[in-house]
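Colleague: Dropping the structure in here first, questions after.
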Amino acid sequence: MVDGRVDAQWHKVPVRRVGTDVRARHANLLLLPWPLRVRESDFRTLEGSVRRPEKEPFGFFEFVPAEKLDLDLVSRLIVAACDEVDSVDVVMLPESAVDESEIDELEAVLDRHGVVSLVTGVRRSQQPGRPPGNWVHMGVSPRLEKGAALRSSTGEQWFHVRQNKHHRWSLDENQIYQYHLGGSLHPNIRWWEAMEVPRRAVQFVELGDGITLVFLVCEDLAQIDNVAEIVRSVGPTAIFTPVLDGPQLSSRWAARYASVFADDPGSAVITLTSYGMVQRSRPHGRDPFPVIGLWKDPVRGLREIPFEPGAQGVLLTVCGDRATRRSADGRYPVDNVTEYFAVNMYQVRAGSARSPLSDFQPTPLAPQALENDELTILTGWAQALAEALMYDPECVEALLDDAQGNTQWRAKLGIAEPSRQLSQAIYFVSQAVRGASQNGNLNLDVLHISLLEDRWTKDALDRLARRVLRSTLEQVRTQ
């Protein structure tokens, strides 16, 4: 919590590519600018919501696209993208592109293809007594590995992070004409997005290799408020911004505010909008500009992301490199963070053949082995063990003892004892470390090799603990 006004939450999810080579620090992002068609009727007014009809009238609307999520097309586009690159690591969709009820099936399809992460705008239709919802959903596969060979589904629920939107979209007369929505939204009324506005909170997601992500939904990017102050003080590696907007041109508002964060604190910013909204954006009768996103980083500047005729997605490849973190208090600079820059764009068109997963029927997934906060704690212990193995092996046993439950130091610091699941996960990490001991000496290389085998066990918690330890160990070896 910061100043009692904004909650800041930190999540550690150790996702990375196997290997310690710098070339492993790239990621392939499949951008799906959906819906590809947006109808005027997709914008609906809330019955009886107009206020002050005689003077300065305003009302509320919601976005409910008729075009449903096409899971078969998602699958075929991933196949087409993998014909160009080694793997698809992240699938990203714009603001409000996915209904809340579609998330589980979408993640099940991505899991079958070896995709490790999903970033999408999510909408929830209005429910009795509650306004609609609008947020960014980040899902991470429990396999915790980018670029993994295609394997059967893990059968486990993904880890989820939710970033709520904080500021409503306001459609004035000019925008109603720009998007040609006058048949649904009267131009003489200011229409506000009908959405719940919860307490402000910002979610930071720390991945492997010193990569930190944050998400700002559409208008939130343009607001210089307490959330922006927190984001700037942390200096995340990348800011993902799904929007429901017109073309993402370098001359428009998103590029200006992306430049603010690219200049200070030096974050890369990516925005993505719906191609259907790009097509509707024709101010003063102009032809639409087919630009569905933009990328801005502090080193190589801004790149528009075009969308060619016949394409259904864009494959964006970004590379990472070590960057220097500096402090204003006189501490020595440290090269322990990663900066990202875009290197390639490829227009993706689905083939005519059906996806090999077209007949796939999702089955109920097993419960999560750990909650998000438990995964964060486990990752922290794994990082401490990996660094001890690298720099001071003699202290590893003491560190393992400190990690176990029912310890006096937690009580002295007022820290709750770990849950049964977390204690068991810490135990599995300890077993993996002690299992690498040769003649009583812990061996970093032997541990690394044993973890690369990704031994299959029936215990999902054991598998997860080994993956967490492997990812954090490889990160330390890279440093």
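The values are calculated or read from the model by the stated rules, or taken from the named source; none is laboratory data. All values derive from a computational prediction rather than experimental measurement. Positions of Cβ are generated from backbone atoms using ideal geometry, with glycine treated the same way; all protein chains shown enter the neighbour counts. For the accessible areas, the whole protein counts, side chains as well, though only heavy atoms, and no ligand, DNA or RNA atoms are used. Shrake-Rupley method; radii C 1.70, N 1.55, O 1.52, S 1.80 Å.
Colleague: Once both labels are modelled 7 Å past Cα along the beta-carbon direction, what's the ASP83-ASP459 spacing in nm?
Modeller: It is 4.5 nm.
Colleague: While we're looking at this one, here's another question. For the chain, give the percent of accessible area contributed by carbon and sulfur heavy atoms, probe 1.4 Å, rounded to a whole number.
Modeller: Ligands and nucleic acids excluded, carbon and sulfur reach 48 percent.
Colleague: Find which of CYS218, TYR427, PRO283 sits farthest along the positive direction of the dipole of the chain, computed with +1 on the beta-carbon of Lys and Arg, -1 on that of Asp and Glu, about the Cα centre.
Modeller: PRO283
Colleague: I want to check the label-to-label distance for ARG326 and GLN404. Put each point 7 Å from Cα in the C-beta direction and report it in nm to one decimal.
Modeller: It works out to 4.7 nm between the two label points.
Colleague: Using just the helices of the chain, give the 222 nm mean residue ellipticity in deg cm²/dmol: DSSP H runs with n ≥ 4 each add -39,500 (n - 2.57), and the total is spread over all residues, rounded to 500.
Modeller: Result for the chain, helices only: -8500 deg cm²/dmol.
Colleague: Give me Rg over Rh for segment 1-77, both radii from the alpha carbons and Rh done the Kirkwood way, two decimal places.
Modeller: We get a ratio of 1.20 for segment 1-77.
Colleague: Follow-up. Averaged over all directions, how much area does the convex hull of the C-alpha atoms of segment 53-195 cover when projected, in nm²?
Modeller: With the hull built on Cα positions only, its mean projection is 10.9 nm².
Colleague: Roughly what % antiparallel, to the nearest 5, for the DSSP beta bridges in the chain?
Modeller: Taking every DSSP beta bridge within the chain, about 65 percent pair in antiparallel fashion.
Colleague: If you don't mind, another one. For GLN347 and ARG39 in one chain, what is 0.36 nm times their gap in residues minus the Cα-Cα distance, to one decimal in nm?
Modeller: Taking 0.36 nm per residue and subtracting the Cα distance, the gain is 108.5 nm.
Colleague: Given a 1.4 angstrom probe, what's the average accessible area per residue across the chain, in square angstrom?
Modeller: Value returned for the chain: 44 Å² of accessible area per residue.
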